[in-house]
Every structure is written in C-alpha cells, then in structure tokens.
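Asks: Before I ask anything, here is the structure I am working with.
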Amino acid sequence: MNSVIVINGTPHEIAIADTRRSLLDHLRTDAGLHGPKKGCDQGACGACTVLLDGRRVLACLTLAAQADGRAVTTVEGVGRDGELHPLQEAFIAHDGFQCGYCTPGQVCSAIGMADEVARGVPSRVSSEIGAASFDLSSDEIRERMSGNLCRCGAYNGIVAAIEETYVGGPR
Ligand code: FES
Ligand code: FES
C-alpha cells in the first residue's frame, strides 16, 4: 500500500511493502529519520517515542499503516524555524543526557506528557481523578515519564529540564 504520512510538517508518500511494518522501521529505514531510536523494539524502553497527531506513541508498537493520513512529529521536528524546542534547550542546560540515545524519546514523550497534563489526563500518582488540571510535581513527572528508560542515569537532569520547561523552574 502507499502511505501518505505528514512527517514533521511535510507530506511523505512512501510505499509500505508489508502492512505489518512498524512506524519505527518506516521512519528510520524508509523516511531516513534516525532521531527515533530502536532500543528494545518491544515497547519497554520508550526510546522510539514520537508524537502521532500530537499524542505520544511508541513507534515500535505502532503500525506504519496506522499513521496513514496522519501527522507524525519526531525529535527532528519539535523545534521551530531552525531553533531548538525550549525543552531541548533545557536538556542541554541541565545535562539531561549523557550518551543521548534515549533523548529523542524523552523529549517527544515529555512534550506529549505536558499535553496530557493540560488535558486533565491523570496518572497513577495524581491525587484527584477528574481534576481539570494538575500540579506537575516531580512525582507526577517521574511517574508520567516512567515509560522512558535512561541507561546512562541522567534522570535528575531530565526531571530538572522538564520542570524548567513546564513548571517554571527546578524545585
Ligand atoms: S524501541 Fe520502542 S519502546 Fe523500546
Ligand atoms: S543518556 Fe544514554 S541512555 Fe539516556
């Protein structure tokens, strides 16, 4: 089948030879975008996280065919006009990465996470289910980002970067 996916704002028409092909393989191999990383390839590490119509998904567990006609944003597309996204700037300022392998997934996941908080989606540690909004505490950040693993142990820098971007300063 032929697939038209809007990737980082640009429509890409790419033939999907196998309808079981993952979005991750489609992005990395067919579209040549190597920002989304293949860590576990089975939904356990979060390294492949991208935004699908603005919501975070694991690209290794998403079929490329599911993205047909939809918008995908990878880490290559989160900045604007040649500038890094504020969260990317904060990752640099707070040493939010070491080897950086997990960073594209962390950045996309945090952007999607902030949108979930704004939409009132609760997490396991949210004190009030059904609240219109949430205080994005460090507990909330850690719980909501727990699907993204970092082997290099940069967790504190990652949380600090997210706090600076979405809370107003590290606490
Ligand atoms: S590569 Fe997708 S979750 Fe690990
Ligand atoms: S910075 Fe190396 S895996 Fe996270």
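Asks: Using 7 Å Cα-to-Cβ label points, what is the Cys99/Asp135 separation (nm, one decimal)?
Replies: Those two pseudo-labels are separated by 3.8 nm.
Asks: In the range 111-171, what GluC sites (Glu not before Pro) fall in a loop by DSSP, with at most 11 other Cβ atoms inside 10 Å?
Replies: Glu128
Asks: Could you work out the relative contact order of the chain, using alpha carbon pairs under 8 angstrom and six or more residues apart, expressed as a whole percent?
Replies: Reported relative contact order: 22 percent.
Asks: OK, next. Contour minus end-to-end for Arg21 and Ser146, with contour as 0.36 nm per residue of separation and end-to-end as the Cα-Cα distance?
Replies: Net length gain for the segment: 42.4 nm.
Asks: Before rounding to the nearest 500, sum -39500 (n - 2.57) across all DSSP H runs of length at least 4 in the chain and divide by the residue total; then give [θ] at 222 nm in deg cm²/dmol.
Replies: -7500 deg cm²/dmol
Asks: For the chain, what is the accessible area per residue in Å² when the probe is 1.4 Å?
Replies: With all protein chains present, the chain gives 49 Å² per residue.
Asks: Moving to a separate point now. I'd like the accessible area for Asp115: 1.4 Å probe, protein heavy atoms, all chains in place, Å² to the nearest 10.
Replies: Looks like 60 Å² after rounding.
Asks: A follow-up question, please. Alpha carbon centre of the range 44-62 versus the range 97-124: separation in Å?
Replies: Measuring centre to centre over Cα atoms gives 10 Å.
Asks: Then there's this: Hey, can you grab everything whose amide H is under 5 Å from the amide H of Ile7? Only 5+ residues off in sequence or another chain; H modelled, so Pro and N-termini drop out.
Replies: Amide H neighbours of Ile7, under 5 Å, 5+ apart: His12, Val72.
Asks: What residues qualify as long-range amide H neighbours of Leu63, i.e. H under 5 Å apart, gap of 5 or more or another chain, H built at 1.01 Å from N?
Replies: Answer set, sorted by chain and number: Leu23.
Asks: Output needed for the range 4-85: three equivalent-ellipsoid semi-axes, defined as square roots of 5 times the C-alpha gyration tensor eigenvalues, in descending order, whole Å.
Replies: One finds semi-axes of 18, 16, 11 Å for the range 4-85.
Asks: Another question, then. For a quick check of understanding: with a 1.4 angstrom probe and all protein chains in place, what accessible area in square angstrom does Cys40 have, to the nearest ten?
Replies: Taking all protein chains as shown, Cys40 has close to 40 Å².
Asks: Let me ask something else about it. Of the accessible area of the range 35-135, with the probe set at 1.4 angstrom, what percent is carbon plus sulfur?
Replies: Carbon plus sulfur share of accessible area: 49 percent.
Asks: Please compute the alpha carbon radius of gyration of the chain, then divide it by the globular-protein estimate 2.2 N^0.38 Å. Two decimals is fine.
Replies: 1.03
Asks: Taking N as the number of residues in the range 42-123, what value does Rg over Cα atoms divided by 2.2 N^0.38 Å take?
Replies: 1.11
Asks: Could you give the length gained by full extension between Leu61 and Gln42, i.e. 0.36 nm per residue of separation minus their alpha carbon distance, to one decimal place?
Replies: Gain in length upon complete extension: 6.2 nm.
Asks: Okay, moving on. In what sequence, largest accessible area first, do Ile5, Ile92 appear using a 1.4 Å probe?
Replies: Ile92, Ile5
The values are calculated or read from the model by the stated rules, or taken from the named source; none is laboratory data. What you see is a predicted model, and the numbers here were worked out from it, not measured in a lab. A quick note on method: Cβ atoms are made from the backbone with ideal geometry, for glycine too, and the neighbour counts reach across all protein chains shown. Each accessible area value is taken on the protein alone, full model and side chains, heavy atoms only, with ligands, DNA and RNA left out. Shrake-Rupley method; radii C 1.70, N 1.55, O 1.52, S 1.80 Å.
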